[in-house]
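Structure record follows, encoded as structure tokens.
The values are calculated or read from the model by the stated rules, or taken from the named source; none is laboratory data. Every value quoted in this text rests on a predicted model; they were computed, and no experiment measured them. Quick reminder, even Gly has a Cβ in these numbers, built from the backbone with ideal geometry, and neighbours come from all protein chains shown. For the accessible areas, the whole protein counts, side chains as well, though only heavy atoms, and no ligand, DNA or RNA atoms are used. Shrake-Rupley method; radii C 1.70, N 1.55, O 1.52, S 1.80 Å.
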Amino acid sequence: MELKCLRTFRTIIDEGGFSKAAKKLNYTQSTITFQMNQLERDLSTTLFEKIGRKMVLTKAGEHLIPYVDDILQSVDKLSFLGEHLSECQGDIQIGVGESLLCYKLPAILKEFHRQAPKARLFLRSMNCYDIRDELFSGGLDLGVFYEDVGGFGSNLAVKPFGNYPVVLVASPEIQNRYPDFVTPDRTIPLPLIINEPNCIFRQIFEQYLRDKSIILDHTIELWSIPTIKNLVKNNVGISFLPEFTVTEELNRGELVKIPTDISGTKITAVCAHHKNKWVSPLMQLFIHLCDSVSCGGER
């Protein structure tokens with residue numbers, strides 16, 4: 001039984017199919033099929049069956065998953081045996097919320113690469129709900145995201161990454177025209193410029209608007225916080241963002257805070273991994289660096 005076949009099997013599970021696994025591993029699909037046929041011969045059982053146009057795990061295939069995970073984790077542990085951290089050459093898959101990636105992670109990434117220059121970090125800017133789900137499924141090694149995602153039960157091991165205020169911001173000109181976001185039952189002819197619908201701070205502010213019966217003109221949906229800030233600075237609309245993303249603009253007077261009844265609200269960020277995942281020395285380093293930011297950051 002070859003180790004590469006077990007890795008391919010795990011990749012098929014993680015990626016959700018043969019073709020996606022082939023793309024991930026840079027194999028042809030015929031290579032994926034050959035390796036799975038070889039693994040089935042070695043185990044004398046059928047791991048996949050074709051239902052319609054899809055290859056689906058059999059019960060034997062489902063039962064194999066935890067054994068494959070144990071073997072691959074043991075191999076990963078052996079690969080680090082006796083190695084100094086600076087010599088580690090492993091890979092880490094990390095999902096990060098966009099605001100945290102832009103404003104909180106750069107110093108951590110710089111220090112990580114200083115201490116483990118041969119390691120490879122694969123970073124993905126992701127929605128917080130998707131990060132949680134990918135940690136559940138094993139698609140990510142670590143996630144740095146806001147915990148307000150409806151809970152994650154006991155499946156994740158979680159370290160705090162700080163509590164951060166969120167603020168309603170506008171340009172000084174817009175504030176002069178529309179300074180009141182407290183009085184209920186109003187229509188305000190401004191757009192909200194914000195991230196996509198599953199953005200945690202967007203959900204908080206939209207719920208506030210519903211509770212207050214405040215109606216805005218429309219929503220401009222963008223993924224880039226620097227772009228959002230640029231539009232707000234140029235009088236296009238308002239936004240509700242973690243305060244750390246707009247600190248420089250507030251200090252320069254390019255943006256100002258507009259009071260609301262949820263002024264002082266904070267969102268909690270965490271660094272997490274699946275509780276059953278082996279924490280490699282590289283993962284331990286990244287978690288330690290995140291923990292040092294939390295200990296010295298906002299509470």
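Please check: in the Gaussian network model of the chain (C-alpha springs, under 10 Å), which one of His274, His288, His63 has the largest mean-square fluctuation.
In this elastic network of the chain, the residue with the biggest mean-square fluctuation among His274, His288, His63 is His63.
Which sequence of Thr8, Thr46 reflects their accessible areas, 1.4 Å probe, from the largest down?
On the way: Thr8 0, Thr46 75 Å².
Heavy-atom accessible area, descending, gives Thr46, Thr8.
How big is the C-alpha Rg of the chain next to the rule-of-thumb value 2.2 N^0.38 Å, as a ratio?
Numbers: Rg = 23.4 Å, N = 299, 2.2 N^0.38 = 19.2 Å.
Taking the Cα Rg and dividing by 2.2 N^0.38 Å, one obtains 1.22.
Hey, which aspartates and glutamates would be in cross-link range of Lys59, C-alpha to C-alpha under 12 Å, not counting anything within fewer than 8 residues on its own chain?
The qualifying aspartates and glutamates are Glu49.
So which aspartates and glutamates pass the test for Lys159, namely a Cα distance under 20 Å, with those fewer than 8 places away in the same chain ruled out?
Cα-Cα hits under 20 Å: Glu98, Glu111, Asp130, Asp133, Glu134, Asp141, Glu147, Asp148, Asp291, Glu298.
Points 7 angstrom from Cα along the Cβ direction at Thr183 and Arg120: gap in nanometres?
6.0 nm
Taking the Cα centroid of the range 26-66 and of the range 162-231, what is the distance between the two, rounded to the nearest whole Å?
Comparing the Cα centres of the range 26-66 and the range 162-231, I get a distance of 49 Å.
Between Met55, Met36, Met283, find the one with the highest GNM mean-square fluctuation for the chain; connect C-alpha pairs within less than 10 Å.
Result for the chain, Cα springs under 10 Å: Met55 fluctuates most.
To the nearest 20 debye, what is the magnitude of the charge dipole of the range 163-265 about its Cα centre, counting +1 on the Cβ of each Lys and Arg and -1 on the Cβ of each Asp and Glu?
On the way: 9 positive and 13 negative charges, 17 e Å.
Taking the Cα centre of the range 163-265 as origin, the dipole is about 80 debye.
Could you pull out which residues in the range 231-256 have an amide N less than 11 Å from a spot 7 Å beyond the Cα of Arg210, following the Cα-Cβ vector?
Within reach of a label on Arg210, which here means backbone N under 11 Å from a point 7 Å along Cα→Cβ, the range 231-256 contributes nothing.
Take Glu15 and Lys110, extend 7 Å from each Cα along the Cα→Cβ direction, and tell me the distance between the two endpoints in nm.
Between Glu15 and Lys110, the label points sit 3.6 nm apart.
If you average 1/r across every pair of different Cα atoms in the range 1-80 and take the reciprocal, what Kirkwood value do you get, in Å?
Taking every pair of different Cα atoms in the range 1-80, averaging 1/r and inverting gives 12.9 Å.
What does the accessible area per residue of the chain come to in Å², with a 1.4 Å probe and no ligands, DNA or RNA counted?
In whole numbers, the chain has 50 Å² accessible per residue.
Rounded to the nearest 500, what is the 222 nm mean residue ellipticity of the chain from helices alone, with -39500 (n - 2.57) per DSSP H run of 4+ residues and division by all residues? Kindly include the intermediate steps, with their values, before the conclusion.
Details: 12 runs with 134 residues, N = 299.
Theoretical 222 nm ellipticity from helices: -13500 deg cm²/dmol.
Could you list the residues of the range 14-42 with an amide nitrogen less than 15 Å from a label point located 7 Å from the Cα of Ile65 in the Cα-to-C-beta direction?
Label zone hits: 14-18.
Treating the beta-carbon of each Lys and Arg as +1 and of each Asp and Glu as -1, no other charges, what is the dipole magnitude of the chain about its Cα centre, to the nearest 20 debye?
480 debye
Over the range 16-175, with every protein chain in place, what whole percent of the accessible area is carbon and sulfur at 1.4 Å, could you tell me?
52 percent
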